[in-house]
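The next block holds one structure in the form of structure tokens; read it before the comments.
The values are calculated or read from the model by the stated rules, or taken from the named source; none is laboratory data. This is a predicted model, so every value here is computed, not measured. So basically every Cβ, Gly included, is an ideal-geometry build from the backbone, and we count neighbours across all protein chains shown. The area values use the complete protein model at the heavy-atom level, side chains included, leaving out ligands, DNA and RNA. Shrake-Rupley method; radii C 1.70, N 1.55, O 1.52, S 1.80 Å.
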Amino acid sequence: AFYPPSGVIIDPDTLSTLSERQISNGLAEALKMSMTSDSELFGIFENEDIYGNIDVIIERSVKIKRAVVERDEKESGLRKILNFGHTIAHAIESQNDMRGLYHGECVAIGMIPMCSEPVRERLIPILKKLRLPTGTEIDPDRLINAMRHDKKIAGDEITVIYVSQIGSCEMKTVPFEQFAGEIKEIFR
């Protein structure tokens, strides 16, 4: 069932109850939004005090998600951009039995191979600034095997969200074996 909320209440003061790790875990999703949809928001992550701009980051991230969901409530097209980084993240989670790394930490790792080299060179320092992981100890073959069960696979192809330029993204359908080769190359 899909029902839009009557309202959304956000109280940034509740962040004071969380550890820095949990805040960074959540910020991974906001960073994801900036990469696919808002280069200015990415600039805040890249060049400014993240925690000093947390209200702006939350507001802009929520606006992006709202705009995407309003245009594609049932994930038939545009909403798929919210899956950026999640194909690999879900594989990491399945191989970790949901232990050790939080979801946002897995998304952080999962974003790295899903962007161009110039974008990756800008992303990794931000992940380090947020103390988010930039790699995994899981054998790439195990990750690839786990990704074979992803809902975005159709036949021998997989559709992924790819960021070649900050602030925009594209859906790419590629042969799974090509995708697997790229993952092995990055995580070897």
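Students often check this: by mean Cβ neighbours within 10 Å, which of 5-13, 50-58 ranks highest, and how do the rest follow? Working shown, then result.
Working: 5-13: 7.0, 50-58: 14.9.
Ranked by mean Cβ neighbours within 10 Å, highest first: 50-58, 5-13.
Residue-wise, which Karplus ³J(HN,Hα) couplings in Hz belong to the stretch 118-129, taking 6.51 cos²θ - 1.76 cosθ + 1.60, θ = phi - 60°, and x for glycine or proline?
With the stated coefficients, the stretch 118-129 comes to x, 5, 4, 5, 8, 5, 4, x, 5, 4, 5, 4 Hz.
For the stretch 1-135, what does the accessible surface come to per residue with a 1.4 Å probe? Please give it in Å². Write out the running numbers ahead of the final one.
On the way: 7090 Å² over 135 residues.
Value returned for the stretch 1-135: 53 Å² of accessible area per residue.
Which lysines, on any chain, are close to Lys80 with Cα under 22 Å apart, when same-chain ones fewer than 8 places away are left out?
Lys32, Lys63, Lys65, Lys151, Lys152, Lys172
Just to verify a number: FRET efficiency for Glu121 and Asp13, C-beta to C-beta distance, R0 = 30 Å, to 0.05?
Numbers: r = 35 Å, r/R0 = 1.18.
It comes out at approximately 0.25.
Take the solvent-accessible surface of the protein heavy atoms, probe 1.4 Å, and return the percent of it on the stretch 18-166 that carbon and sulfur atoms account for.
Values: 3360 of 7160 Å².
Exposed carbon and sulfur together represent 47 percent of the surface.
Below 8 Å between Cα atoms, with a sequence gap of 6+, how large is the relative contact order for the chain in percent? Can you show the working numbers first?
Details: 228 pairs, mean separation 46.9, N = 188.
Value for the chain: 25 percent.
Can you classify the stretch 64-140 as rounded, prolate or oblate using the Cα gyration tensor, where a ≥ b ≥ c are the square roots of its eigenvalues, rounded means a/c under 1.5, and otherwise it's prolate if a/b beats b/c and oblate if not? Each step should come with its number before you reach the end.
Numbers: a/c = 2.09, a/b = 1.40, b/c = 1.49.
Since a/c reaches 1.5 but b/c is at least a/b, the shape of the stretch 64-140 is classed as oblate.
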